[in-house]
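Notes for the one structure printed next.
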Amino acid sequence: MSQEKEHLDQPDEGLEILKKWIAQSEERRSNMAAEYIPVGENNFIESSIFVGKDHVDKRAIMASIHEFIHNSINYGTPYGSILIILAGLNTKKELREYYEPILKRLHYEAELAHEVYATWSSVIRTLHIYPTVTIDELLNYDRSYIGYFKIGEYITKEIPGYFYLKSSILHACIGFCFSSDKIGQKVDLDLRSFNFSGLESLDFPNERLTRLISDFSPEFFRDTVKEYLIERIDTPEYIIIKKDMSNEYVGDLSDYPGTLEEYCKLSTYIYGLLQQYFNKLGTTSYSFDVRYTTPLNWVEQANFLIGDKYFKTSPFNSFGAIDRDILKQFEKETTILNEKLEKCLIELPSHIHSDLKAQILNGDNETNIWAKDWDLLIMARHSLFLEQQFDYYRQGDLEWLKQQKSPIVFLSTRIYLNEEKINLIIPFSSPKEADWFLTPTVVKVMPRCACVFEHIIAEKVFWEIWYEYLCEECENLIFFNDVSLLSFLEQIQSIEIETIKYCTTEMQVYGTICRPLIFHVVEKYQRPYLMIYPSNPMHTELNISYIKRHFPTFVYETDDNYENFLNKNSLGSLVLCVFRQVFSEHSLTPKFYLIKEQI
C-alpha cells in the first residue's frame, strides 16, 4: 500500500495505478450503503447522499462536498452543461437510444478529471472542518479515491497554504479541461445530429488533464503564482492571501470580496496560460470569461426535443454572488434517509376503529414516553412525492395515492404491530372530515400541528379549501421547506415582517443525527409560524453565514440561547415531531425546479 502511494507522486505511473484501483473499487462501493458508510451519487443534474445514520459524520460531510463539486463542474463549464442537457434528453424514453451512448461516452471521457477535483476539494475542506481527522480515515473505504486525491495533491504540492490558493490553481486547471469549444460547436450546429467526428483526444477532459500533468510541473505553478502575487504584496487583499499561504484560518472568503476577486483573477491568469499552450497543440477552448454562460440555443434545442420546457433557464448562468451560487448548488442535493423502505398503511378516517382512534388522539399509540407532549401532526403535501417514500402494505394504497390530483391533507402517525413500527396515513377529504375525526367528545385530544410542505404553496385551489383550517384553526403551524432556502429568504423580503428569529439544533431521530435550520417568523397581521429547513452541519453553517451577511435584520439565536428560544416558545417538541415523520421516509429531495429560476 505504501509503495503504491509513493508511485502516485510520479504522475504517469500514478495514473496507471489509479485505473487498477477504479476497477477494484466497484464491488466495495456497492456494499457501502449496507455498511452505513456515507456515499454519494450524481445524475449530472442533481446529486443524492446516503448519510448512513449520522448527518454530522465526517464522511457524510465529505460526501456532500464531493457531490457539490461535481455539480459545480456540471453547472459551471461548457462540457458540464452538455452533460446536463444530455441527461435531460435521456429522461425521454424515445430519445434514449440515440443519446444514452453519447452521454456515456462523454461521461467516460471526463470521469478522471471530475473525480480528481471533487475528491481533492472535498477531502481538504473536510480536513479543515475536522482538523484531527486523517486522510486515511476519510478515504480508506475506497482506494480509487486515494488516487484521485493524490493527483490533485501533485498538481498543487508546490503551492503554499492550505486551501484557497491551491484551489484557485486546481480550479483553473480543471475548468480548462472542461472547456473545449469544439464539442460546444457540435451542439451549436445541431443537437439532433451530435457525433464525435472531427474531435481529437485533447478535446476531452481526461486527456487534457493527463497532458497538463505531463507538460506542466508543480514548480511551474509555484513560480507562476509567485510572479503573479509579487505585484500585489502592497495591496489590502494580500493580507488575507498571506494568511492563507501561512495555513492560517481566514474564514469565508465572501467576507473578503476583494481577496476573492484576486483569487478569481489568478484563476483567470492560469487558465489563459493553459489556453495559449493548448491552442498550439491544435485544441481550442472557450475563454475564461464566457465559459460560464450557456448559449440559449442549446437549451432551446433540448426543450424542443424533449417536448416541453424541461430546462426553465439555461443550466447555468453568469455567476452572481459567489456565496449564493454555492448555496444554489447544495440545494440540488437529495439525502437518502433509509435505503430500505419502511412499511406504511393508508386508512380512511371512517375505517379507523374507535379504540385505535382514541389511542391516536391522546398519544397512547406511541411507545415513546414523551408522546403525550407532542402534537397531532397534520401534513399537507402532494401525493406524488409520497409514492416512492414507503413500502405500502396494500397495493391499493399506492393506487389511491396515484389517483389523487391535488395536494392531500392527512394525519401522520405510527402504530406498532408485533413491535414493528408501521407508518399510518389517515387522509382527510375536507376540513369538515378532519374536524369530525380530530374532535371527539370522549377523550382529551392533543393539540394539532399543521405541517405544510413548501412545494404546495402555489396551489391556489387547494388553499381556497384548506387555508382557514391549516393556518388558523390548528394550534400550531410549521412550513417544511423542501424547495429552496434561497427562495424563501428572497421572497419573504416582500412581506411585512415584525420579527424573524432563527437557530439551529442538533437532534437525533431513530438513531439518525441531523442539524436543521429553524426560523420563527412573525408577520404583520398573521399568526406566527415556524419554517424548518433540513440541512447537514456544513450546509447549516454556510446558510447561517449567508443570512448574517445578506439579511442582518434576522435575529440569530446562538448555541447558548437556542434551547431557551425553542422551549420558551414551545417549539422544540414540534420540530422533533415533524422530523420523526420525515425521517421515516426514504429520502429528502429538494424541489428546486418548482421555482421560476432553476437553482
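The values are calculated or read from the model by the stated rules, or taken from the named source; none is laboratory data. Owing to the predicted nature of the structure, the values given are computational and were not obtained by experimental measurement. Don't worry about glycine lacking a Cβ; one is built from the backbone with ideal geometry, like all the others, and counts go over all protein chains shown. Note: areas computed on protein heavy atoms with side chains; ligands, DNA, RNA excluded. Shrake-Rupley method; radii C 1.70, N 1.55, O 1.52, S 1.80 Å.
Residue-by-condition table, conditions (1) at pLDDT below 85; (2) in contact with a helix residue (DSSP H, G or I) (Cβ under 8 Å, 6 or more places away or on another chain); (3) within 30 Å of Glu468 (Cβ to Cβ):
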{"site": "Ile322", "(1), (2), (3)": "yes, yes, no"}
{"site": "Gln329", "(1), (2), (3)": "yes, yes, no"}
{"site": "Thr335", "(1), (2), (3)": "yes, no, no"}
{"site": "Asn338", "(1), (2), (3)": "yes, no, no"}
{"site": "Leu341", "(1), (2), (3)": "no, no, no"}
{"site": "Ile346", "(1), (2), (3)": "no, yes, yes"}
{"site": "His351", "(1), (2), (3)": "no, no, yes"}
{"site": "Trp370", "(1), (2), (3)": "yes, yes, no"}
{"site": "Asp375", "(1), (2), (3)": "yes, yes, yes"}
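Note on region 199-314: enclosed helices (runs of 4 or more DSSP H) holding 1 or more residues that are modelled with pLDDT of 90 or more, closer than 22 Å to Thr77 by Cα and open to solvent by 20 Å² or more (accessible area, probe 1.4 Å) are 205-215, 257-280, 296-306. Counting only helices (runs of 4 or more DSSP H) that sit completely within region 410-496, those holding 3 or more residues that are open to solvent by 70 Å² or more (accessible area, probe 1.4 Å) and at pLDDT 90 or above correspond to 460-468. Consider Glu109 carefully, then state whether it is under 25 Å from Pro205 (Cα atoms) and open to solvent by less than 20 Å² (accessible area, probe 1.4 Å). So Glu109 fails the test.
For the residues Thr558, Thr553, the requirement of being loosely packed, with under 14 Cβ neighbours inside 10 Å and modelled with pLDDT of 90 or more singles out Thr553.
Give the residue that is modelled with the highest pLDDT, with candidates limited to residues of region 520-543 that are among the β-branched types (Val, Ile, Thr) and in contact with a Ser or Thr (Cβ under 7 Å, 6 or more places away or on another chain). First the steps, then the outcome.
First, the residues of region 520-543 that are among the β-branched types (Val, Ile, Thr): 521-522, 532, 540.
Going one step further and asking which of them are in contact with a Ser or Thr (Cβ under 7 Å, 6 or more places away or on another chain), we end up with 522, 540.
On the way: Val522: 88, Thr540: 84.
If we take residues in region 520-543 being among the β-branched types (Val, Ile, Thr) and in contact with a Ser or Thr (Cβ under 7 Å, 6 or more places away or on another chain), then Val522 is modelled with the highest pLDDT.
Helices (runs of 4 or more DSSP H) fully within region 125-196 that include at least 2 residues being modelled with pLDDT of 90 or more: 143-156, 164-177, 181-189.
Taking the criterion of being within 17 Å of Leu341 (Cβ to Cβ) and either among the aliphatic types (A, V, I, L, M) or without any contact (Cβ under 8 Å) to a residue 60 or more places away in the chain (or both), the residues of region 416-440 that qualify are Leu417, Ile422, Leu424, Ile425.
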